[in-house]
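Following: one structure in structure tokens, then a few remarks.
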Amino acid sequence: MIRTHALTLVTTLTFGGAHAPTPADVVVVAGLQRADIAALMEETRGAPPTLCMLAAGAVGGGGWSGYRAPAPPLATVQRTGEWRGRDLRITERERALLLAGVAAADNCTREVAVRLLGRDGSDEAVAGLIGHSTSADSSVRAASAYGLGLVASPTSVAAVIEMTGDDAIAPRANAVWALGRIRDGRGFQRALRALDDRETIVREAAAETLGQLDSTAAVTALTRHLRQDESANVRRISAWALAQLEARSADVALGEALLEDRDAGVREMSAWAIGNLPLRQGNAALIRAARGDADERVREMAVWAMAERHDAGAAGEIGELLGSERDPEVRATAAWALGVLEPSAAPRGLIAALSDSDARVQLSAAWALSEIGDAAALPAIRDALSRDASERVRRAQIRALLHAGEAADQLVRHLESADADVRAAVAQALAGRNHSSPWPWPRPRPRPFP
């Protein structure tokens, strides 16, 4: 039975009321009014894990990597929407209840208490969490490190560094992760040492933290782990960290990982890293991966990375890929990439993509052609506009006509179209409303993060 009162808020609070709530929308979370935290701490005990997972996400308190601590109390916690409906002001009594919740036996209570303390961020919260760092219970020490990472206060650095030497895995991993959240250079040597920890979860946290600490002194060690670590996830995060550190000296290692690593996640992240670094040999590896990798995520990322490097010389290769690529996501990203690169002439593969079977590819192709503005594409754009397509695609096609130099009298002819969307789009184009705006703006899928 779904709990109510302090435990329940629907997503009209969490997500702004964009749709009517359904049972799946119910979020376990305190209302965060003055009197609710005590009730929340009481009602979290024994709450169903799924419901509590939603509560933890809605309470928030951790920013983009707050859900990625190596060992949170709730092992199933996932990234969810955070409710930020009002400022959180916690009284001294409530803070004491939350700090007691960190030491509770119930993982739901502990997770929500730590998240709320992370949002509180007061000196008193930091002091209380540091007090838990020496608990005889390793799960409490792990929760303490987690909370200190969420607060990210420089005053906790000494305590967190001490916890990186914990004999138990969870506190040690969370402490290493917390150093990356705090971003204080005093934690660098401990994070570097943790990169060689015997436990995979600790090495993962160390690689992420080194990427956050912005010290090129970690490049050699991260490159070694990219090449040699037995854990694919450590190799993947090492590639991410090398990009964060702008490690140009890692060009060969990243290229090798992109082309040779047995794990697709490592190859994908290596392509992303190359796209974010001005590496000498980057495009050659990206082209090979885009042509031949067995995983569509890697091929798509390689194409995206070529665009990110803004090397117009890659346009020909990407145009050829459009004609041979079997995955529509990759084709859509390839078309988008050509719009970013803006070659002097539209590749034949891009013009042909106007007739692609997938609407996402059609949209990206029309947008890209409007960015390139090649008059040679006009016949194909006119032909594409005559076929049935979605409103967004038709609007993009009209914009492509305009930017490719379609004469005004030719555009006026479309004002007689039986399609109201076409007439509206043409009127806007003639009025100059979408002449300079980069609309529509198709984009590839979100970038990978550790």
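The values are calculated or read from the model by the stated rules, or taken from the named source; none is laboratory data. In this text the structure is predicted, and so the values were computed from the model without any measurement. All Cβ positions, even for glycine, are placed from backbone atoms using ideal geometry, and neighbour counts span all protein chains on display.
Specify which of the listed residues (S344, S386, S364) is under 26 Å from V422 (Cβ atoms), loosely packed, with under 15 Cβ neighbours inside 10 Å and among the small types (G, A, S). Outline the logic, then answer.
On the way: S344 fails: under 26 Å from V422 (Cβ atoms); S364 fails: loosely packed, with under 15 Cβ neighbours inside 10 Å.
Only one candidate passes the filter, namely S386.
Being surrounded by fewer than 21 Cβ atoms within 10 Å (Cβ to Cβ) and part of a helix (DSSP H, G or I) is the filter here; which residues of segment 233-266 pass it?
N233, A243, Q244, R248, S249, D251, V252, E256, L259, E260, A264, G265
Within segment 195-224, track down each residue that is more than 24 Å from the chain's Cα centre (by Cα) and among the hydrophobic types (A, V, I, L, M, F, W, C).
Filtering segment 195-224 for residues more than 24 Å from the chain's Cα centre (by Cα) gives 196-199, 217, 220-221, 224.
Within segment 195-224, A217, A221 meet the criteria.
Restricting segment 406-434 to residues that are exposed (fewer than 12 other Cβ atoms within 10 Å of the Cβ) and part of a loop (DSSP other than H, G, I, E, B), which is modelled with the highest pLDDT?
Restricting to residues being exposed (fewer than 12 other Cβ atoms within 10 Å of the Cβ) and part of a loop (DSSP other than H, G, I, E, B), the top hit is A407.
Looking only at residues in segment 368-409 that are touching a residue at least 40 places away in the same chain (Cβ under 8 Å) and over 30 Å from the mean Cα position of the chain (by Cα), which one is nearest to S355 (Cα to Cα)?
Keep residues of segment 368-409 that are touching a residue at least 40 places away in the same chain (Cβ under 8 Å), which gives 371, 392, 395-397, 399.
Subset that is over 30 Å from the mean Cα position of the chain (by Cα): 397, 399.
Numbers: Q397: 12, R399: 17 Å.
The residue in question is Q397.
Scan segment 278-320 residue by residue and report those that are exposed (fewer than 14 other Cβ atoms within 10 Å of the Cβ) and of a type in the set (K, R).
If the condition is that a residue be exposed (fewer than 14 other Cβ atoms within 10 Å of the Cβ) and of a type in the set (K, R), then R280 is the only one that fits.
Could you tell me which of the residues L338, L322 is at pLDDT 95 or above, on the phi < 0 side of the Ramachandran plot and part of a helix (DSSP H, G or I)? If you could, list the steps in order and put the result at the bottom.
Numbers: L322 fails: at pLDDT 95 or above.
Only one candidate passes the filter, namely L338.
Applying the selection to segment 342-398, what residues are assigned to a loop (DSSP other than H, G, I, E, B) and in contact with a Pro (Cβ under 9 Å, 6 or more places away or on another chain)? Can you show your working first?
Of the residues in segment 342-398, the ones assigned to a loop (DSSP other than H, G, I, E, B) are 342-347, 356-358, 373-374, 386-390.
Passing the criteria: D356, S357, D358, D374.
Considering every residue within segment 88-96, establish whether at least one is at pLDDT below 95 and within 28 Å of the chain's Cα centre (by Cα).
Checked against the condition, which is being at pLDDT below 95 and within 28 Å of the chain's Cα centre (by Cα), segment 88-96 yields at least one hit.
Looking at the structure I just gave you, is W272 in a helix (DSSP H, G or I) and touching an Asp or Glu at 6+ places or on another chain (Cβ under 8 Å)? Talk me through it step by step, then tell me what you get.
Values: in a helix (DSSP H, G or I): yes; touching an Asp or Glu at 6+ places or on another chain (Cβ under 8 Å): no.
So W272 fails the test.
From G147, G101, G121, which residue is closer than 22 Å to R186 by Cα and assigned by TED's automatic domain parsing to the domain that holds A38? If you could, list the steps in order and put the result at the bottom.
Working: G147 fails: assigned by TED's automatic domain parsing to the domain that holds A38; G101 fails: closer than 22 Å to R186 by Cα.
None of the other options fit; the residue is G121.
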